[in-house]
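Before any comments, here is the structure.
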Amino acid sequence: MVSCSGDDGEAGLLGPKGDQGEQGIAGPVGPAGDDGSIIYSGEGMPAATVGAVSDYYLDIATGMLYGPKVNADNWTDTDGFSLMGAAGTNGTNGTDGADGADGINGTNGTDGTNGTNGTNGTNGSKILSGEGAPGNTIGNTGDFYLDKTSSVLYGPAVTDDEGDTTWGLGLELKGADGNANVLSFKLTVSNEDWTEHQNGNTYEYKWIDFKLEFPALTKDIYDNGFVLVYTSIGTRTYQLPWSSLTTKQNLLTRNYNIQYTGDVYSLEFVNTLEARNDVTELLTLGQYNYKIIVVSGQAAVQLKANKDNPIEFQRLVNEL
């Protein structure tokens, strides 16, 4: 069979678009990308171990941003710059506002109620005294006790739950014999203190006296002690009794007496003028200064034993 083919004809017109085909199979995963940079933050410079190469660090205390990090083990070679701008200049002060009008006075509030009374304070300590050491039935915690016989001070006391008081060791307030047994006093008798007796120009004897109660004079001093009295005339001091002639050759004697009435001991000072030559001379009232020395203990015993021996007596006086 013999066939014959002719020439190709012209292309026909484009047909309509066909429907979308089904999704193809997923392709293989692409290669991993490089790690991104991380921004760390804290107060102060970054520690060497913080962050990796290319990371950043913000010092929130100063506003400095460091990075990117150059070396993995330190930030030494990494630059930083401040995110904080320069301080701005101070603005100008605003003008003062005008004074407002005075407000109306408010009415007085009502008085508050009285507060409640406070609680009573605790009792303070007392100083008790007596002759001899204290017993355990007197006093309370914190009290003191003075033994007037030995001059020993006990305390502070401690009282237990049963009411027994412990006083502990006492403190001896009085020193050993010696100057501790010598008391010295000063006295000034003024013009108005003297009492005149027969101080007229016709009497052979005239005197003035002054008497005062003297607490340092006790029964023990009166019985066993010794009292020395001195008076100052000009720049010199004399032990009483002391006598001298006046300019009119009359005898002036300055003396003292210890008096005892009931439980009161007194010291009396007496100036006596004996008119041996001129009865018209009068006693002069004036200011007299006295020094009184009260001696007790062994020193007084020695003075009494030597009162008739002027040399030894004066030696003992000088040692007081």
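Computed from the coordinates by the stated procedures, all read-outs in this text should not be read as laboratory data. The structure presented is a predicted model; accordingly, all values stated were derived computationally and were not measured. We place every Cβ from the backbone using ideal geometry, glycine too, and count neighbours over all the protein chains shown.
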Exercise for review: Please report, in whole Å, how far the alpha carbons of segment 181-319 spread along each principal axis, starting with the longest.
Suggested key: 48, 36, 24
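Rounded to the nearest 5, what % of the DSSP beta bridges within segment 35-163 are antiparallel ones?
Bridges in segment 35-163 are about 55 percent antiparallel.
Relative contact order, percent, of segment 181-319 when contacts are C-alpha pairs under 8 Å separated by at least 6 residues?
Working: 255 pairs, mean separation 48.8, N = 139.
It comes to 35 percent, rounded to a whole number.
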Study note, to complete from the structure: A correct Kirkwood calculation over the Cα atoms of segment 271-320 returns a hydrodynamic radius in Å of 14.2
Exercise for review: Measure off 7 Å from each Cα along the Cα-to-Cβ vector at Asn120 and Asp99, then give the distance between these two points in nanometres to one decimal.
Suggested key: 5.7
Check your understanding: Quick one: if you stick a label point 7 Å off each Cα along the C-beta vector at Thr92 and Thr235, how many nm between them?
Key -> 8.8
Review point. For a label point 7 angstrom out from the Cα of Thr247 toward its Cβ, which stretches of segment 254-296 have the backbone nitrogen within less than 18 Å?
Key: 273-287
Review point. How much mean residue ellipticity at 222 nm does the chain get from its helices, if each DSSP H run of length 4 or more adds -39500 (n - 2.57) and you divide by all residues, to the nearest 500 deg cm²/dmol?
Key: -2000 deg cm²/dmol
Practice item. Report the relative contact order of the chain, percent, no decimals, based on alpha-carbon pairs under 8 angstrom and at least 6 residues apart. Key: 11
Practice item. Evaluate the distance, in nm, between pseudo-label points positioned 7 Å from the Cα of Asp111 and of Asn201 along their respective Cα→Cβ axes. Key: 7.7
Check your understanding: Of all DSSP beta bridges in the chain, what percent run antiparallel (nearest 5)?
Key -> 90
Study note, to complete from the structure: The answer for Tyr256, listing residues at least 5 apart or on another chain whose modeled amide H is closer than 5 Å to its amide H, is Val270
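Tell me, in nm to one decimal, what length is gained between Thr149 and Lys291 on full extension, where the rule is 0.36 nm per residue of separation less the Cα-Cα distance?
Details: separation 142, 0.36 × 142 = 51.12 nm, distance 2.74 nm.
Between Thr149 and Lys291, full extension yields 48.4 nm more.
Please compute the length gained on full extension between Ile25 and Thr137, using 0.36 nm multiplied by the number of residues separating them and subtracting their Cα-Cα distance.
Values: separation 112, 0.36 × 112 = 40.32 nm, distance 11.43 nm.
This chain segment gains 28.9 nm when fully extended.
What is the calculated FRET efficiency for Phe313 to Val158, with r their C-beta to C-beta distance and R₀ = 41 Å, to the nearest 0.05? The partial results should precede the final answer.
Numbers: r = 51 Å, r/R0 = 1.25.
It comes out at approximately 0.20.
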Review point. What translational D, rounded to a whole number of µm²/s, comes out for the chain from Stokes-Einstein when the hydrodynamic radius is the Kirkwood one over Cα pairs, at 10 °C and 1.306 mPa s?
Key: 47
